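Here the structure is laid out as structure tokens; the discussion comes afterwards.
The values are calculated or read from the model by the stated rules, or taken from the named source; none is laboratory data. Since the structure is predicted, the reported quantities are computational estimates derived from the model, not experimental observations. Here the Cβ positions follow ideal geometry from the backbone for every residue, glycine too, while neighbour counts run over all protein chains shown.
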Amino acid sequence: MTRKARILDCGPEEFRGMDGGELLQSIRLSEGRTLMAEILHPSPPLVDGASNAAVAVAFGADLVLLNKFGGEDLAGIKRSLGRPVGVNVEPSEEVEEHRRASRENLSRLEDADFLVITANPDARIETGDLVSAAHTARDELPDTPLLCGKMHGSGGRGMPEASEIGTLAEGADAVLIPAPGTVPGSLESAVAELAQAVHEGGALAVAAVGTSQEGADRETVRGISLSAKRAGADVLHLGDAGLSGVAEPENLMSASLAIRGRRHTYRRMAMR
């Protein structure tokens, strides 16, 4: 890229020319109007002839996050989608190798546009584990934007402490926090305090809907989306438990309409 651009204004050509720093800046310039869709990579597609990631892009996703990704052709996936593509990794030896935040697994993810260090419900992970994994990822893939944190309780308590969030922000480019209304105790005011702690640490705040509410009714998703933006989120994330490994597609569109209106929603859907 030769100029600073909002992610709102970027299509496949612009994304192909972005480095990690430019991607982060494009999100920052968009003032809370960035939508991330998580895809459970092993799941069968909702419709024949189109991957779940392609459906998410068609319904307005700016960023695509692959969960439990065991494939190899990240570059091919990126070309077909025309969007930045990231991968989840977890600092746990209890999960399969292709899900771990290990040096061996990270080395095969050099084509990822961003990495997310987090925890699925079957792996109890503490803040210290996330911080340690972040250091490993920085060493292995120094130019790849790093997102770090929990989308939900991961088998434990849901809401993290502001001090934990500050620690994560020191080592990551963006920190995941539960979106308002997703885990017990996630009042908008409480999430706003976490978002403030993230920003004070110099990172972006990602409000995550990882509690299967990505498959709720559109009114619920719309409310969560607006609440997350009011709380200070730079990115709204919708998880992969809507139906078959992807958020309910119309909920992606509803979230997009809520945080950025029809103009930018329809443009994003058309930018193929």
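Worth a mention:
- Each residue in the range 181-218 was checked for being among the β-branched types (V, I, T) and part of a helix (DSSP H, G or I), and 2 of them qualify.
- L40 fulfils the conditions (1) surrounded by 22 or more Cβ atoms within 10 Å (Cβ to Cβ); (2) closer than 10 Å to V246 by Cα; (3) within 14 Å of the chain's Cα centre (by Cα) except for a single criterion, (1).
- Any chance V206 is closer than 23 Å to T136 by Cα, of a type in the set (A, V, I, L, M, F, W, C), surrounded by 24 or more Cβ atoms within 10 Å (Cβ to Cβ) and free of Cβ contacts under 8 Å to residues at least 60 places away in the same chain: no
- The residue that is surrounded by the fewest Cβ atoms within 10 Å (Cβ to Cβ), among those in the range 181-198 that are among the small types (G, A, S) and modelled with pLDDT of 95 or more, is S189.
- Residue tally, condition farther than 18 Å from G153 by Cα and out of contact with any Phe, Trp or Tyr (no Cβ under 9 Å at 6 or more places or on another chain), over the range 165-191: 5
- Filtering the range 47-70 to residues that are within 24 Å of L29 (Cα to Cα) and assigned to a loop (DSSP other than H, G, I, E, B) leaves F59, G60, A61, D62.
- Answer from L35, L29 - the residue that is of a type outside the set (D, E), surrounded by fewer than 19 Cβ atoms within 10 Å (Cβ to Cβ) and closer than 22 Å to A233 by Cα: L29
- Enumeration of residues in the range 173-207 that are in contact with a Pro (Cβ under 6 Å, 6 or more places away or on another chain) and not charged (D, E, K, R): S186, V191
- Just one of the listed residues (T265, T211) is over 17 Å from the mean Cα position of the chain (by Cα) and polar (S, T, N, Q), namely T265.
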